[in-house]
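Rule-based calculations on the coordinates, nothing more; no lab input. Quick caveat, the model's predicted, so the values are computed rather than measured. Backbone-built Cβ (ideal geometry, glycine too); neighbour counts: all protein chains shown.
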Amino acid sequence: MNSRLRHERTNFLLFLGAVYMALICGLPIVTVKLSLQRAHLAQALVPHAPTFERLDRNRDGYVDRAEALALPELDRVFNEADRRSDGRLDKVEFARALALISDRMAQR
């Protein structure tokens, strides 16, 4: 292979690498924006939903099945959102439950 073609190939591969890196560097920004939009959508679709702190009446850091009864929509998706199957939701699982609720309300 002559040196001119090797040089052009190298430049092309560098260009592809730069494009790939630009896309990868922008990915966290896009991911954060999408998650914020989803949170705002969940808040808009479930405006009457109490916060995690309001539902956690005994202040143990979890919302159990009895505390979830205050929000009927949460009770319906409780088992699906409870990833550890321990009968209680932490803040991450609670956020997942709100997302499930908003997804189901958006499908209607």
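Tabulated data for the structure shown
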| item | result |
| --- | --- |
| Helices (runs of 4 or more DSSP H) within the range 45-108 that include 2 or more residues closer than 22 Å to S35 by Cβ | 52-55, 72-81, 91-107 |
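One line per residue, one yes/no per condition, for (1) touching a strand residue (DSSP E or B) at 6+ places or on another chain (Cβ under 6 Å); (2) surrounded by fewer than 19 Cβ atoms within 10 Å (Cβ to Cβ); (3) touching a residue at least 24 places away in the same chain (Cβ under 8 Å):
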{"residue": "E53", "(1), (2), (3)": "no, yes, no"}
{"residue": "V63", "(1), (2), (3)": "yes, no, yes"}
{"residue": "L71", "(1), (2), (3)": "no, no, no"}
{"residue": "D75", "(1), (2), (3)": "no, yes, no"}
{"residue": "F78", "(1), (2), (3)": "no, no, no"}
{"residue": "R84", "(1), (2), (3)": "no, yes, no"}
{"residue": "K91", "(1), (2), (3)": "no, yes, yes"}
